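The values are calculated or read from the model by the stated rules, or taken from the named source; none is laboratory data. No experiment lies behind these values; they were computed from the predicted model shown. Reconstructed Cβ throughout: ideal geometry from the backbone, glycine too, with neighbour counts over all protein chains shown. Only protein heavy atoms, including side chains, enter the accessible area calculation; ligands, DNA and RNA are left aside. Shrake-Rupley method; radii C 1.70, N 1.55, O 1.52, S 1.80 Å.
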Amino acid sequence: MKKKVVLAYSGGLDTSFCCIYLTRDLGLEVHSVIVNTGGFSQDELHQVEQRAYQMGVTSHHVVDETENFYNTCVRYLIYGNVLKNNTYPLSVSAERVSQATAIANYANQIGADYVAHGSTGAGNDQVRFDMIFNILVPSVQILTPIRDLKLSREQEITYLKEHGVDMNFEKAKYSINKGIWGTSVGGKETLTSNLGLPEEAWPTPVSESGSRRVELEFVKGELHSIDGKTYQHPTAVIQALQAIAQPYGIGRDIHVGDTIIGIKGRVGFEAAAPMVIIKAHHTLEKHVLTKWQLSWKDQLSSFYGNWLHEGQFHDPIMRNIEAFLTDTQQNVTGKVWVELNPYRFQVTGIESAHDLMSNKFGSYGEMNNAWSGEDVKGFSKIFGNQVMIYHKVNQQ
């Protein structure tokens with residue numbers, strides 16, 4: 001009886017090579033899996049399935065992780081206003097963690113002997129996939145043909161042609177990876193430090209002009225409605241906002257960061273909905289949370305985002321931080337108004353029953369209603385007392 005291998009499959013060159021190599025050279029029974037985190041249409045999924053069977057897989061399975069990806073990960077990126085290096089909403093890195101987890105679970109479900117992926121030895125994904133497989137299915141051996149055989153793209157193409165594979169071997173000018181929490185864009189420009197991506201590189205062309213005001217309503221930290229319209233699940237409201245904001249060219253940027261393996265990496269991305277949601281959510285929080293809630297959220301959220309980027313989603317500290325972040329969202333309920341314009345957006349205001357910026361207690365720089373001038377004089381003296389003592393004791 002042939003041994004089973006679960007292959008993380010995308011239908012591209014690397015995973016097509018893996019299909020042929022694992023079946024014909026290693027004699028394994030290949031079960032391909034594609035994990036959808038909101039980036040594939042039904043037609044695209046069908047095409048990938050057809051290609052997988054053409055490559056000789058025994059079975060092909062689609063795991064729709066879109067809602068689970070939000071429930072277990074994206075919601076906390078929103079709660080924490082997480083932007084890697086103050087720029088990147090962790091679009092692909094968070095997605096990869098969810099995909100690797102789903103593949104490990106499927107390998108366990110069908111009793112696979114091996115699990116395989118098409119990563120090379122040059123990027124973050126190899127670490128994320130290997131580590132999560134080692135954590136969740138430690139008894140299952142990991143196969144990585146592209147990395148282990150140190151294959152060039154040309155060698156892969158030659159091998160596939162020798163085995164009768166007929167597919168488009170032309171390398172796309174830009175590498176696009178689309179998911180519910182953003183789309184990454186890689187090309188020759190992102191391999192440099194000085195070049196920006198040209199207009200034609202961005203997957204969504206700018207087709208909107210003028211301005212549009214949208215009303216976003218949050219309920220306990222989660223986006224609940226747009227312009228008064230509610231949605232069945234937060235993933236649906238994210239997709240709706242994406243459809244509104246993306247044609248303005250909002251959320252385009254280039255992220256430069258430190259990879260897990262120690263080199264610098266650069267990637268373009270477009271993430272209109274994530275960027276608008278995070279900014280709107282953060283603005284609402286600044287109105288309804290206290291100073292120290294905001295301070296500790298910043299620190300723990302930064303750690304959460306960095307550790308997630310490193311693939312360490314299954315570390316129990318992540319559940320502890322998620323519990324804290326969830327608890328901070330009890331009063332993050334209200335409306336936020338955002339003005340959309342080509343290539344930019346602005347949060348113009350909020351309304352919340354929990355708004356701490358209430359004129360009942362005073363107006364900043366103008367009038368106080370809850371204390372007297374004498375109260376402030378005494379407070380100022382006590383508040384600086386220890387620092388005054390330090391300077392008196394240590395004055396030259």
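Taking only Cα atoms and a 10 Å spring cutoff, compute GNM fluctuations for the chain and point out the largest among Gly111, Gly305, Gly39.
Gly111
Amide H neighbours of Gln141 under 5 Å, at least 5 residues apart or on other chains, H built in the peptide plane: list them.
Val115
If DNA, RNA and ligands are ignored and the probe is 1.4 Å, what is the ranking of Glu170, Glu29, Glu67 by accessible area, most exposed first?
Numbers: Glu170 145, Glu29 45, Glu67 95 Å².
So the residues, ranked largest to smallest area, are Glu170, Glu67, Glu29.
Which whole-number percentage describes the relative contact order of the chain, with Cα contacts under 8 Å and a sequence gap of 6 or more?
17
So what is the relative contact order of the range 205-290, in percent, for Cα pairs below 8 Å that sit 6 or more residues apart?
Relative contact order of the range 205-290: 23 percent.
If you roll a 1.4 angstrom probe over the protein chains with everything in place, what fraction of the accessible area of the range 306-354 belongs to carbon and sulfur, to the nearest %?
50
Within the range 175-253, which trypsin sites (Lys or Arg not before Pro) sit in a loop by DSSP and count at most 16 neighbouring Cβ atoms inside 10 Å?
Qualifying residues, ordered by number: Lys220.
When we measure straight from the Cα of Lys264, which lysines land under 24 angstrom away, once same-chain ones fewer than 8 places off are left out?
Here the lysines satisfying the reach criterion relative to Lys264 are Lys84, Lys150, Lys171, Lys173, Lys178, Lys188.
Using θ = phi - 60° and the Karplus form 6.51 cos²θ - 1.76 cosθ + 1.60, what ³J(HN,Hα) does each residue of the range 190-196 get, whole Hz, x for Gly and Pro?
6, 7, 9, 9, 10, 9, x
Return the sequence-ordered ³J(HN,Hα) values of the range 55-71 in whole Hz as given by the Karplus equation 6.51 cos²θ - 1.76 cosθ + 1.60 applied to θ = phi - 60°, using x for Gly and Pro.
Here the 3J(HN,Hα) series is 7, x, 5, 6, 8, 10, 10, 9, 10, 8, 9, 4, 5, 5, 4, 5, 4 Hz.
Which lysines does Lys335 reach when only Cα atoms under 23 Å apart count, and residues fewer than 8 places away in its own chain are ignored?
Lys220, Lys229, Lys279, Lys286, Lys291, Lys297, Lys360
Accessible area per residue for the chain in Å², computed with a 1.4 Å probe and the full protein assembly in place, what is it?
Dividing the accessible area of the chain by its residue count gives 51 Å².
For the chain, what is one quarter of the convex hull surface built on the Cα atoms, given in nm²?
Working: hull surface 105.3 nm².
Here the figure is 26.3 nm², rounded to one decimal.
Would you tell me the accessible area of His314, worked out with a 1.4 angstrom probe on the heavy atoms of the protein chains, in Å² to the nearest 10?
50
Enumerate by residue number the trypsin sites (Lys or Arg not before Pro) in the range 1-67 meeting two conditions: DSSP loop (anything except H, G, I, E, B), and at most 15 other Cβ atoms within 10 Å of the site's Cβ.
Those that pass, being in a loop and sparsely packed, are Lys2, Lys3.
Can you pull out the GluC sites (Glu not before Pro) in the range 290-396 that DSSP calls coil and that have at most 15 other Cβ atoms within 10 Å? Display every interim value, and only then the final one.
Values: sites: Glu310, Glu322, Glu339, Glu351, Glu366, Glu374; in loops: Glu310, Glu366.
Answer in residue order: Glu366.
Classify the range 57-155 from the C-alpha gyration tensor, please: rounded if a/c falls under 1.5, else prolate or oblate depending on whether a/b exceeds b/c.
oblate
Express the relative contact order of the range 246-303 as a whole percentage, based on alpha carbon pairs under 8 Å and six or more residues apart in sequence. Write out the running numbers ahead of the final one.
Details: 45 pairs, mean separation 16.0, N = 58.
Averaging sequence separation for qualifying contacts and normalising by length gives 28 percent for the range 246-303.
Once both labels are modelled 7 Å past Cα along the beta-carbon direction, what's the Leu26-Asn369 spacing in nm?
7.0
Among rounded, prolate and oblate, which fits the range 238-354 when a ≥ b ≥ c are the square roots of the eigenvalues of its C-alpha gyration tensor, a/c under 1.5 means rounded, and a/b larger than b/c means prolate?
Here the range 238-354 falls in the oblate category.
Counting only helical runs of four or more DSSP H residues, what would the 222 nm mean residue ellipticity of the chain come to if each run contributes -39,500 (n - 2.57) and the total is spread over all its residues?
-12500 deg cm²/dmol
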